[in-house]
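To keep things clear, I will list the structure first and then write my remarks on it.
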Amino acid sequence: MTTPGSLKVSKAKIDFTIAPKANADGSIDITVTSDEVAIFVTLTTQAQGRFSDNTFLLPKTQKTIQYIPFLKETASQDMALLKSTLRVEDHSAYAL
């Protein structure tokens, strides 16, 4: 047992892919992949909405989550801002 800042983890290379168009409900799929187990994976954007899962454990695999705009009618405008400002970070980027 230790504090999160003292965890020893492998450096993960995390990539993401944003779906080319919004789903019928206005949500936008984002597939996140990692070459190592990644802990405390966090997504941020300037687009006005939320993620179906904002901070999570990502095994050495991929996970699809959804960006959900606050207004379904703004999904197309949010898509451009999401694509230009989405950031994905994890604990290994800050581990000593």
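Derivation of every value follows stated rules applied to the coordinates shown; laboratory data play no part. Predicted, not measured: the structure shown is a model, and the values here were computed from it. Here the Cβ positions follow ideal geometry from the backbone for every residue, glycine too, while neighbour counts run over all protein chains shown.
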Net length gained if the chain between residue 93 and residue 50 were fully extended (0.36 nm per residue, minus Cα distance): 13.2 nm
Summed residue charge, Cβ within 13 Å of residue 20's Cβ, Lys/Arg positive, Asp/Glu negative: +1
Value of [θ]222 nm, deg cm²/dmol, for the chain, DSSP H segments ≥ 4, -39500 (n - 2.57) each, nearest 500: -3500 deg cm²/dmol
Linear extension gain, residue 18 paired with residue 70, 0.36 nm per residue minus alpha-carbon span: 16.9 nm
Cβ charges +1 (Lys, Arg) and -1 (Asp, Glu), total dipole of the chain, debye: 160
Which label in (1) 20.4, 69; (2) 12.8, 38; (3) 14.4, 46 gives the computed Rg and Dmax of the Cα atoms in Å: (3)
